[in-house]
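Encoded as structure tokens, the structure appears first; notes follow it.
The values are calculated or read from the model by the stated rules, or taken from the named source; none is laboratory data. Fair warning: this is a prediction, and the values are worked out from it, not measured in the lab. Cβ coordinates were reconstructed from backbone atoms using ideal geometry, including for glycine residues, and neighbour counts include every protein chain displayed.
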Amino acid sequence: MLTFTVRRLLAIIPLMLGVILITMLLPRLIPGDVVTIMLGSESVVSPQRADEMRRLLGLDRSIPQQYWDYLTGLVRGDMGRSLRTGQPVGPLIVDRFMLSFYISMLAIVLGTVGGVTLGVIAARYRRTRADLFFRIFNLIGLSVPRFWVATLLLLAATFYLAGTFPTVGAARADASFLERMRYAFLPGLTLAIPVAAVLARITQTAMAEVLAQDYVRVAHAKGLARRVVFVKHALRNALIPVVTEVGLQTGFIFGGIVEVEVVFSYPGVGQLALNAISQRDYPVLQGVLLVITVLFALINLIVDLSYAWLDPRIRYE
Amino acid sequence: MPRFVKTPMFAAIALALVMAIGSAAAQKTLRIGIDVDPINLDPAQMSHMEAHRFVALIYPTLLKYDAQLRLVPHLATSFEILDDRTYEFTLRDDVMFHHGRLMVADDVKFSIERILDPEVPSPEAFELEPIEEVVVVDDHTVRIITKEPFAPILHGLTFGLGIHAPESVEEFGDLRFFGSGTGPFRLVEYIPDSIVILERFDDYFGPAPLLDRVEYHIIPDAPARTTALRAGDIDVARYDDAKAVAPLRRDANLTVDYVGAPRILHYHLNHRRAPFDDARVRLAMSCAIDREAIAQLVFLGDALPSGPIPPSMTDWALPTDEMPCYTRDLDRARELLAEAGYPDGFASTMVGTTRFPVDIEVGQVMKEQLAEVGIEMEIEQVEWGDLLDLWITRFDFDTLLITSFTGRDPDANFGRRFESTSTRNAVGYDNPEVDDLIARSRTTIDFDTRWEIFRDLQLIITEESAKIFVVEYPYYEVYRDEVVNWVTHPMGMHYHLDQVDLQR
């Protein structure tokens, strides 16, 4: 188990090197750079002066040199500075990531609890009339675009829950945990809905499969209460595909964060990345993508490790 | 509803109410929703309108623009033109910096020299580059001497020069996030992509501000801004889209205010490429466009047709009915096209940016209008940085749509855009007569003579259709009823915030 974990952690390093290279090259292929955008549409600046500004920002160095400097910086724990605001990238990303973390955490918790509960209920009432409602929820949850759900929730919060959940911005750095959750709730809920829909469906299928197995019949025959059979015997075995999916959905949540953060004017990492792209702020963009990649790799590792906990037959050597 | 749902729900609602009441303290806080992040609040690092607006509020300038876009005194009580290169400003003697020191002429000199310092480097430097020397005569008198007679310098000094304290620069290195100015509100905190917080400055030289605190919430999404405004999460919101504002006009709690902004839609035709090298083709296109219809369809009647100088620049703009083809004339357009050898029209592309969706809407209407004389345009939407690259760096476009703020001196409308030697002459216009007029407009200090030069320039540029000027954009600020004394300034400046009050 330990060797497996260490091996997987080490495998992240070449992944990072590749990601850094790609995130270094791709943004530089987009036409225009930070100086062009900084000068905007109204400044009158000679090309020499613009080049001088590029030099001050270190953009005149060759790409291999910039790559090397970035790597050596990383080793020292320095992710560079934002070309646009001069802020150090590391602390900037940490601040913004914490804000997005509240949203994703809420989305995962709400989505998983909601989805699994619904899935279990749906498995229980399979092929009854109640199943229809489940199917409808599923269909809507999967097909409705997130920005639309976000806008609806925003309107609902404004007109029916005035003041309960803020519609703009994020909690300040010194706010209490409750206050942070209050700001993160609506964006989190928006992202939780499709997650719940996916997980509910997977849970239902997995549950149906497990429920048809002999040992479940034995459990019923022993005279155990239905709830005990469902939750204790069937659900745990049905969870493996669900956990895999939770891991994958975490990735989709990162993708969705950009949308909901824009709608809720929530200054998290999604907005940071979006603005970094439009401002051609390479170090910030590289930093965000790198952190997301590492997180994603770690989440997948955790998912793999949790299989062993869920199913004692699985062993990592 | 079962009790186990009810109790926590009521508890949550009660808690939320307590929190809401707790936060609405006795302080008078005005919350303004804006669409764009200022990015950098350093007076030497402004690169777009939003930054200018904040700097104008926190770091007042020697002069400022009134609602008719005329220059009026601000930190300077008056100025005198000693000779055609020397401007002598008399400063107020009661201007206090936010950190508690009186402002003196040395601070003006410092601010100018910092912006001109090549090591800073400032995107605004070009506004002040004609300055040769700043002479401090005494604490309250400063002389600004230009290298050559340069009339637009007054506007450069107004738009590009927020007076800031040397102590701040020493303390913070740069003023991106914090600094000391002399405005009615001092900067407390700027959190990028989130909020700018200002607090009342008690020693402000003007009338004592009525508000305790002003919060600018950065809300890029227009529907989100609208929701926040209606919910009362913000008190004022700004917009540039007539259609986003239309439903707000029916809301009894809101006032929709708008003015014509000195921001016009420039339709660039690249003279380096056929058929736009032919003035007849360009004029035909101008004739084929129905500016009134665009104003009605896209701006619901709130926009005005504009020449090279927007109508809101009341001092300088010529009425559009004196310019050729400002009334749609399809026959003339067809005639001109036939003369130029394109009786059946031609096909080309029109580039616009997704950053300004309203521009694209105008483009769609123009596409239909041009199709009536056989000109088939294909619209290409690109991202902002991409557009800047095509438009400013590489001149790689057939036709291109872009709105820009052209306020300030009319030199910004001509010199930069049409002088053959300017790096910003995106269309590649080359006319020695115009070059000569532009040169004279800069060295002529007398207003009336300058006015005549700009009248001639407006006529020549529209006659040659060097570029097609479409409409002047409206600028909207929508506020809740509790807001008193609100003034909507054509450039979106908030000079008047010291007078604004809240009556809750």
Matching residues, the range B:454-499, being assigned to a loop (DSSP other than H, G, I, E, B), assigned by TED's automatic domain parsing to the domain that holds B:Gln68 and either over 19 Å from B:Arg225 (Cβ atoms) or under 17 Å from the mean Cα position of the chain (by Cα) (or both): B:Asn485, B:Val487, B:Thr488, B:His489, B:Pro490, B:Met491, B:Gly492, B:Met493, B:His494
Which listed residue, of B:Glu148, B:Glu132, B:Glu171, is surrounded by fewer than 22 Cβ atoms within 10 Å (Cβ to Cβ), in a helix (DSSP H, G or I) and more than 14 Å from every other protein chain (Cβ to nearest Cβ): B:Glu171
Options A:Ala184, A:Ala221: the member that is surrounded by fewer than 22 Cβ atoms within 10 Å (Cβ to Cβ) and more than 22 Å from A:Val243 (Cβ to Cβ): A:Ala221
Residue in the range B:421-453 that is surrounded by the most Cβ atoms within 10 Å (Cβ to Cβ), counting only those that are away from every other protein chain (no Cβ under 14 Å), polar (S, T, N, Q) and in contact with a helix residue (DSSP H, G or I) (Cβ under 9 Å, 6 or more places away or on another chain): B:Ser441
Failed item, numbered, when A:Val19 is tested on (1) among the β-branched types (Val, Ile, Thr); (2) more than 8 Å from every other protein chain (Cβ to nearest Cβ); (3) surrounded by fewer than 18 Cβ atoms within 10 Å (Cβ to Cβ): (3)
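Of the residues that make up the range B:389-401, is at least one within 24 Å of the chain's Cα centre (by Cα), under 30 Å from B:Arg70 (Cα atoms), facing chain A (nearest Cβ under 10 Å) and not in a loop (DSSP other than H, G, I, E, B)?
The answer is yes; a qualifying residue exists.
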Subset of the range B:24-66 that is small (Gly, Ala, Ser) and in contact with a helix residue (DSSP H, G or I) (Cβ under 7 Å, 6 or more places away or on another chain) - its residue that is farthest from B:Leu157 (Cα to Cα): B:Gly33
Failed item in (1) of a type in the set (Gly, Ala, Ser); (2) within 26 Å of B:Arg416 (Cα to Cα); (3) in the same structural domain as A:Ser265 (by TED's automatic domain parsing), with A:Ser46 passing the rest: (3)
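Which of the helices (runs of 4 or more DSSP H) contained wholly in the range B:215-290 include at least 2 residues that are among the hydroxyl-bearing types (Ser, Thr, Tyr) and within 14 Å of another protein chain (Cβ to nearest Cβ)?
So the answer is B:222-231.
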Unmet criterion (only one of (1) assigned to a helix (DSSP H, G or I); (2) modelled with pLDDT under 95; (3) within 30 Å of B:Asp84 (Cα to Cα)) for B:Asn425: (1)
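For the subset of the range B:88-126 comprising residues that are among the basic types (Lys, Arg) and farther than 20 Å from B:Lys64 by Cα, which member is nearest to the other protein chains (Cβ to nearest Cβ)?
B:Arg114
Taking the stated definitions as given, is B:His271 within 25 Å of B:Lys243 (Cα to Cα) and crowded, with 21+ Cβ neighbours inside 10 Å?
Numbers: within 25 Å of B:Lys243 (Cα to Cα): no; crowded, with 21+ Cβ neighbours inside 10 Å: yes.
Judged against the criteria, B:His271 is not a match.
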Verdict on B:Ile445 being in the same structural domain as B:Gly415 (by TED's automatic domain parsing), in contact with a strand residue (DSSP E or B) (Cβ under 8 Å, 6 or more places away or on another chain), hydrophobic (A, V, I, L, M, F, W, C) and not in a strand (DSSP E or B): yes
Criterion (over 30 Å from A:Lys232 (Cα atoms) and away from chain B (no Cβ under 14 Å)) met by exactly one of A:Val144, A:Val109: A:Val144
Any chance B:Phe178 is away from chain A (no Cβ under 11 Å), in contact with a Phe, Trp or Tyr (Cβ under 9 Å, 6 or more places away or on another chain) and of a type in the set (Phe, Trp, Tyr): yes
Conditions (1) assigned to a helix (DSSP H, G or I); (2) under 22 Å from the mean Cα position of the chain (by Cα); (3) hydrophobic (A, V, I, L, M, F, W, C): number failed by B:Leu437: (2)
